[in-house]
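Quick one: the structure is below, questions incoming.
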Amino acid sequence: MSVRRRVRLAARMKQRSPWQRTHTCGELTIADKDQQVVLNGWIENHRHHGQIVFLDLRDRYGVTQVVVDQEAGDQQSGMAAGTFELVRRLGAEDVISVRGRVRPRGEGNVNKNRSTGEIELLVQSVTVLSEAETPPFEILDKAEANEELRMQYRYLDLRRRPLQEAMLKRARFVTAIRNFLQQHRFIDIETPILTKSTPEGARDYLVPSRVHGGKFYALPQSPQIFKQLCMVAGLDRYYQIARCFRDEDLRADRQPEFTQIDLEMSFVEEHDVLDIVEAMVVHGMRDGFGIELPQPFPRFDYFEAMDKYGCDKPDLRFDMQLIDCTALAATSDFKVFAGAVQAGGIVKGLCASGAAEKFSRKGIDELTAFVNGFGAKGLAWAKVTDKGLEGSIAKFYDGDKGKQLGAHMAAKPGDLLLFVADQKKVVHKALGELRLKVGGLLGLRDPKVFRCCWVLNFPMFEWNEDKARWQFAHNPFSAPVDWDVQDFGKDTEQIKSRAYDFVMNGWELGSGSIRIHRRELQARVFEFLGITPEQQRANFGFLLDAYKYGGPPHGGIALGVDRIVALALGREGIRDVIAFPKTAMAFDLMAEAPSEVSAEQMAELQILSTVKKPG
RNA sequence: GGGGACGUAGCUCAAUUGGUUAGAGUACCGGACUGUCGAUCCGGUGGUUGCGGGUUCGAUUCCCGUCGUCCUCGCCA
């Protein structure tokens with residue numbers, strides 16, 4: 001035993017009660033042979049063999065086999081009287097303290113699947129710290145119980161190794177991010193949780209005010225305005241691991257409360273933010289998860305991403321870009337192609353390399369049904385062979401025409417070509433989704449591979465069909481690319497904002513922008529969107545006021561922690577990486593929240609419920 | 001708000017066109033067993049088929065409603 005180890009052990013022994021552990025269940029090895037130790041933990045499994053009993057003792061650090069051997073125990077380690085009878089009664093999830101001697105396992109008894117597999121603890125005495133009822137589901141590495149039950153007993157689900165791993169790695173990731181930002185002069189600043197409701201964006205969670213009867217705080221959808229005010233304050237570089245709240249319908253990748261890495265910087269342009277965030281993400285992924293990201297992250301203009309990938313969050317784990325065939329199609333004998341072009345539409349195609357054999361006629365029918373779901377009226381296809389094209393469009397593309405099309409698509413024999421002809425929006429949506437679908441079917445979306453990119457210069461506004469008006473595409477504070485734009489009503493859809501998204505493997509993980517920092521421009525943007533000066537004053541007055549007193553140019557970003565962790569760990573949804581998640585109905589099955597409150601509490605807050613109670 | 005899937009023993013699932021006493025694995029309880037490690041072998045307990053209503057001689061099965069979970073579209077500046 002090394003001196004350092006001896007000193008550490010001595011320190012451990014000094015202050016502890018007799019039942020307290022000297023070691024964890026994950027650290028004892030052959031090097032600890034013959035030591036007297038105490039372990040604390042949960043009984044994961046027990047195997048009775050008449051005169052010998054094996055217990056697997058688990059804690060967060062690992063599992064150690066404990067042996068209760070009546071004969072050997074008496075002779076070799078002086079097992080306390082009654083221990084064997086006590087151990088016989090123990091069961092799964094009982095919490096115990098075990099004192100014993102570390103013993104190498106016999107020849108052929110080594111368990112190679114565990115770090116502690118070369119040794120076992122020969123018991124001298126056992127203390128029951130807490131007895132456990134039979135749990136509602138077994139604590140196994142593999143989740144066999146359904147999610148409803150797991151969420152109801154979340155503290156048991158969290159005993160499982162995959163969940164503990166997620167919590168641990170999430171914490172490591174966040175710590176790495178904090179360290180990085182601290183080193184780069186960012187200041188961790190807390191912003192209010194009780195704040196002000198704003199009309200735009202998601203629905204707010206509201207909190208009634210007792211002191212101000214009839215008035216409500218809102219929980220923040222993000223710290224957006226406060227972080228910008230930090231810039232006005234001259235704090236220069238802000239960050240926060242911030243909880244955000246949005247009262248919208250949920251999905252596998254959405255929770256009513258979620259966590260963002262929120263940051264903002266003064267006197268910066270896009271590349272300053274992108275460069276530092278890129279370095280931060282690389283650092284966090286490396287230190288948190290041991291994942292090395294290829295750099296630099298490609299940077300796409302929004303329209304370039306749409307043209308090449310059909311969406312604004314391209315999955316770059318595979319290429320298979322959308323290829324524009326409009327010019328070729330315009331003169332085609334194939335009426336679907338020529339007709340689409342005449343109607344002002346476009347024709348684009350995918351070349352699925354080597355996929356011709358992998359898709360039968362039926363398989364292609366399924367792809368056709370798939371694109372139908374996104375508004376495409378059909379899917380034109382062809383398999384490339386040595387002799388030319390085969391498939392639905394082959395007869396229109398025989399001989400030289402076929403060669404020309406094949407060359408345009410950079411196709412080689414064995415490839416599968418897929419085309420959609422329609423209005424641009426439909427083509428991009430359908431082919432963009434088809435690209436992901438086919439990429440997935442061809443095994444090109446490896447969950448262990450990570451590819452990031454940036455998408456820049458999003459449109460500033462988008463048309464809302466339902467409300468028949470323009471609305472913010474990103475957020476109301478994003479600056480236009482052209483500072484001097486005078487009339488937002490002219491060529492509105494062409495106006496670009498200085499907004500950018502961070503994308504990994506087809507997931508939007510972060511979103512930010514260079515902000516408007518001048519009152520006049522901000523007011524004009526609000527005005528264009530039909531927000532009256534009165535509404536501006538009521539909702540954003542303090543921000544507009546702040547700009548009166550010298551707002552620096554600034555920009556920032558917010559990254560979704562839950563999504564990054566879920567992606568890095570290859571989990572299906574973010575519930576798996578949140579300690580205490582809510583259901584798709586925003587209900588906490590464990591705490592049973594939300595819940596009714598007493599009439600007295602309601603009265604004190606001066607609120608009434610309009611819900612009709614049964615009976 | 002719309003669409004879809006699911007709900008049977010503590011857990012995971014099965015149960016023929018609607019037909020006898022609703023089964024299996026696992027967990028749990030009891031027994032055997034000194035080298036297991038998802039121990040094994042023998043035996044046993046365990047069910048308001050989510051809840052309410054309907055159709056039927058008869059409903060786990062069909063119909064309506066309701067509750068819950070998941071997925072998805074809308075929504076999420």
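Check the stretch A:25-46 and report whether any residue there is surrounded by fewer than 15 Cβ atoms within 10 Å (Cβ to Cβ), out of contact with any Asp or Glu (no Cβ under 9 Å at 6 or more places or on another chain) and modelled with pLDDT under 90.
no
Can you tell me which residues in the stretch A:493-543 are closer than 20 Å to A:GLU462 by Cβ and assigned to a loop (DSSP other than H, G, I, E, B)?
Passing the criteria: A:ILE495, A:ARG498, A:ILE516, A:LEU529, A:GLY530, A:ILE531.
Which ones in the stretch A:143-153 are in contact (Cβ under 8 Å) with a residue 24 or more places away in the chain and within 7 Å of RNA strand B (Cβ to nearest atom)?
As a first pass, look at the stretch A:143-153 and keep what is in contact (Cβ under 8 Å) with a residue 24 or more places away in the chain: A:147-148, A:151-153.
Across the stretch A:143-153, the qualifying residues are A:GLU147, A:GLU148, A:MET151.
Output the qualifying pairs, or none if there are none: Cβ atoms under 7 angstrom, residues six or more apart or on different chains, first residue in the stretch A:88-112 and under 20 Å from A:GLN36 (Cα atoms) and among the hydroxyl-bearing types (Ser, Thr, Tyr), second residue more than 7 Å from RNA strand B (Cβ to nearest atom) and assigned to a loop (DSSP other than H, G, I, E, B).
Between residues of the stretch A:88-112 that are under 20 Å from A:GLN36 (Cα atoms) and among the hydroxyl-bearing types (Ser, Thr, Tyr) and residues that are more than 7 Å from RNA strand B (Cβ to nearest atom) and assigned to a loop (DSSP other than H, G, I, E, B), the close pairs are A:SER97/A:TRP19.
Here's a follow-up. Looking at A:LEU263, A:LEU181, can you tell me which residue is within 16 Å of RNA strand B (Cβ to nearest atom) and crowded, with 20+ Cβ neighbours inside 10 Å?
Values: A:LEU181 fails: within 16 Å of RNA strand B (Cβ to nearest atom).
Unique residue meeting the criteria: A:LEU263.
Output the number of the condition that A:GLU304 fails; it satisfies all remaining conditions of (1) more than 19 Å from the chain's Cα centre (by Cα); (2) buried (at least 22 other Cβ atoms within 10 Å of the Cβ).
Tallying (1) more than 19 Å from the chain's Cα centre (by Cα); (2) buried (at least 22 other Cβ atoms within 10 Å of the Cβ), A:GLU304 fails exactly one: (2).
Another question about this same structure. Name the residue, out of A:LEU156, A:LEU140, that is modelled with pLDDT of 95 or more and within 12 Å of RNA strand B (Cβ to nearest atom).
Details: A:LEU140 fails: modelled with pLDDT of 95 or more.
From the options A:LEU156, A:LEU140, the qualifying one is A:LEU156.
Listed here are the residues, each with its yes/no results for (1) within 16 Å of RNA strand B (Cβ to nearest atom); (2) over 22 Å from A:SER197 (Cα atoms); (3) in contact (Cβ under 8 Å) with a residue 60 or more places away in the chain; (4) not β-branched (Val, Ile, Thr).
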{"site": "A:GLY510", "(1), (2), (3), (4)": "yes, yes, yes, yes"}
{"site": "A:TYR549", "(1), (2), (3), (4)": "no, yes, yes, yes"}
{"site": "A:GLY555", "(1), (2), (3), (4)": "yes, yes, yes, yes"}
{"site": "A:LEU567", "(1), (2), (3), (4)": "yes, yes, yes, yes"}
{"site": "A:VAL577", "(1), (2), (3), (4)": "yes, yes, yes, no"}
{"site": "A:GLU600", "(1), (2), (3), (4)": "no, yes, no, yes"}
{"site": "A:GLU604", "(1), (2), (3), (4)": "no, no, yes, yes"}
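Pairs, please: C-beta under 7 Å, at least 6 apart or cross-chain, first residue closer than 17 Å to A:LYS424 by Cα and in the stretch A:321-336, second in a loop (DSSP other than H, G, I, E, B)?
Going by the 7 Å Cβ cut-off, the qualifying pairs are A:LEU322/A:GLY310; A:ILE323/A:MET409; A:VAL336/A:GLY378.
Let me confirm something: among A:PRO223, A:PRO199, which residue is within 16 Å of RNA strand B (Cβ to nearest atom) and free of Cβ contacts under 8 Å to residues at least 40 places away in the same chain? Talk me through it step by step, then tell me what you get.
Details: A:PRO199 fails: free of Cβ contacts under 8 Å to residues at least 40 places away in the same chain.
Being within 16 Å of RNA strand B (Cβ to nearest atom) and free of Cβ contacts under 8 Å to residues at least 40 places away in the same chain holds for just one of A:PRO223, A:PRO199, which is A:PRO223.
Please work out which residue is nearest to RNA strand B (Cβ to nearest atom), limiting yourself to the stretch A:266-278 and to residues that are surrounded by fewer than 20 Cβ atoms within 10 Å (Cβ to Cβ) and not hydrophobic (A, V, I, L, M, F, W, C).
Going through the qualifying residues, I end up with A:GLU270.
In the stretch A:22-91, which strands (runs of 3 or more DSSP E) lie fully inside it and hold 2 or more residues that are among the hydrophobic types (A, V, I, L, M, F, W, C) and in contact with a helix residue (DSSP H, G or I) (Cβ under 9 Å, 6 or more places away or on another chain)?
Numbers: elements: A:36-49, A:52-59, A:62-69.
Output list reads A:52-59, A:62-69.
Which count do you get for residues in the stretch A:452-472 that are part of a loop (DSSP other than H, G, I, E, B), buried (at least 18 other Cβ atoms within 10 Å of the Cβ) and among the aliphatic types (A, V, I, L, M)?
Result for the stretch A:452-472: 1.
Going through the stretch A:574-605 one residue at a time, which ones are part of a loop (DSSP other than H, G, I, E, B) and of a type in the set (A, V, I, L, M)?
Filtering the stretch A:574-605 down to residues part of a loop (DSSP other than H, G, I, E, B) leaves A:578-587, A:589-592, A:594-598, A:605.
Answer for the stretch A:574-605, where residues must be part of a loop (DSSP other than H, G, I, E, B) and of a type in the set (A, V, I, L, M): A:ILE578, A:ALA579, A:ALA584, A:MET585, A:ALA586, A:LEU589, A:MET590, A:ALA591, A:VAL597, A:LEU605.
Sticking with this one: Counting only residues that are in a loop (DSSP other than H, G, I, E, B) and among the aromatic types (Phe, Trp, Tyr), which one in the stretch A:135-186 is farthest from A:PHE580 (Cα to Cα)? Don't jump to the end; show me each part of the working.
Kept after step one, since they are in a loop (DSSP other than H, G, I, E, B), are these residues of the stretch A:135-186: A:135-146, A:153, A:158-160, A:184-186.
Filter once more, so that each one left must be among the aromatic types (Phe, Trp, Tyr): A:137, A:153, A:186.
Values: A:PHE137: 18, A:TYR153: 10, A:PHE186: 29 Å.
Filtering first and then ranking leaves A:PHE186.
Just wondering, is there one or more residues in the stretch A:507-522 that are within 30 Å of A:ARG159 (Cβ to Cβ) and buried (at least 18 other Cβ atoms within 10 Å of the Cβ)? Can you show your working first?
Our first condition is that a residue be within 30 Å of A:ARG159 (Cβ to Cβ); within the stretch A:507-522, this holds for A:507, A:509.
Filter once more, keeping what is buried (at least 18 other Cβ atoms within 10 Å of the Cβ): A:509.
Within the stretch A:507-522 (the criterion being within 30 Å of A:ARG159 (Cβ to Cβ) and buried (at least 18 other Cβ atoms within 10 Å of the Cβ)), the answer is yes, since at least one residue qualifies.
Ok, one more. Please specify each residue of the stretch A:534-552 satisfying the condition of being of a type in the set (Asp, Glu) and either within 33 Å of the chain's Cα centre (by Cα) or within 19 Å of A:PRO223 (Cβ to Cβ) (or both). Before you say what the answer is, go through the steps one by one.
So in the stretch A:534-552, the residues of a type in the set (Asp, Glu) come out as A:534, A:545.
A:ASP545 - this is the single residue of the stretch A:534-552 that is of a type in the set (Asp, Glu) and either within 33 Å of the chain's Cα centre (by Cα) or within 19 Å of A:PRO223 (Cβ to Cβ) (or both).
If only one of A:GLY570, A:GLY530, A:GLY555 is over 25 Å from the mean Cα position of the chain (by Cα) and of a type outside the set (Asp, Glu), which one is it?
Numbers: A:GLY570 fails: over 25 Å from the mean Cα position of the chain (by Cα); A:GLY555 fails: over 25 Å from the mean Cα position of the chain (by Cα).
None of the other options fit; the residue is A:GLY530.
The values are calculated or read from the model by the stated rules, or taken from the named source; none is laboratory data. These numbers were taken from a predicted model, which means no experiment stands behind them. Ideal geometry is used to build each Cβ from the backbone, glycine not excepted, and the neighbour counts take in all protein chains shown.
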